[in-house]
Amino acid sequence: MNIDFKYKDEQDKCYGLTGVAMSAVIWDVENLISAICLDSDAFQSIKYTPQLLVDGNPEISPRKVLEINVEKYRLTMGMILSNILCRTYVLDAKFINHKTKQNILEYFVKEGNNECSLERDEVEDIFNKNYDYLSRIFSHPEVQKIAHDFANKLSDCRTLSQSEIIEALQALNML
């Protein structure tokens, strides 16, 4: 299995977007997503609120800016991993093999270095924590049921607002 961020079809895209929405709710940052639109281009399907964008406020110390950027990187990594894991674990009912996991890690090592000047070991630490946590979540049968329900709702409605996303995924908070 090679890492491929491209969606195979609309159903694959729907489950990928479901994973992103679920990760936002899991980490209690659902306020970062203002809407999801299945009919938009792949990179335009999720509308983010301005809080996720990098803030160039000159009043913030460089150290604090780095901390904020690393946290945003961690969240972004988690959203991308959730996209991949929801598509793989929930839609395809498969697991990711070691080689594919390493390819995904290599992608994040490059991104972490480019975006935050992180060293490989720093990225590996963030990646392993995210990957292990999200793997446990997306392999859970109740979470998979919630994912299927959300994907069906997204497929039917085509666009979901922030409040609709939160309402549709409120069952995650009960687990």
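Structure notes:
- C-alpha long axis of helix 98-116 to longest principal axis of the chain, angle in °: 50 degrees
- Look at the alpha carbon pairs under 8 Å that are at least 6 residues apart: their mean separation over the length of the chain gives a relative contact order of 35 percent.
- Principal-axis analysis of the Cα atoms of the chain puts helix 62-85 at an angle of about 30° to the longest axis.
- Stretching the chain fully between GLN11 and ILE60 yields a gain of 13.4 nm (0.36 nm per residue, less the alpha carbon separation).
- Helix-only CD estimate at 222 nm, as mean residue ellipticity for the chain, using -39500 (n - 2.57) per DSSP H run (n ≥ 4): -20000 deg cm²/dmol
- Nearest-ten-degree value, helix 120-138 long axis tilted from longest Cα axis of the chain: 20 degrees
- Which of ASN83, TYR73, GLN44, positive extreme of dipole for the chain (C-beta unit charges): ASN83
- Along each principal axis, Cα extent of the range 10-174, largest first, Å: 45, 37, 32
- For the range 10-174, the Cβ-based charge dipole about the Cα centre amounts to some 300 debye (Lys, Arg positive; Asp, Glu negative; other atoms uncharged).
- Using a cut-off of 24 Å between Cα atoms, the listed pairs LYS13/LYS153; LYS72/LYS99; LYS6/LYS99; LYS72/LYS101; LYS110/LYS145 include LYS72/LYS99; LYS110/LYS145 as exceeding that distance.
- Calculated FRET efficiency for the pair ASP125/ASP28, C-beta based, R₀ 22 Å, to 0.05: 0.55
Just so you know, all these numbers are worked out from the coordinates, no wet-lab data involved. It should be emphasised that the depicted structure is a prediction, and the values quoted were computed from it without experimental measurement. Virtual Cβ from ideal backbone geometry, glycine too; neighbours counted across all protein chains shown.
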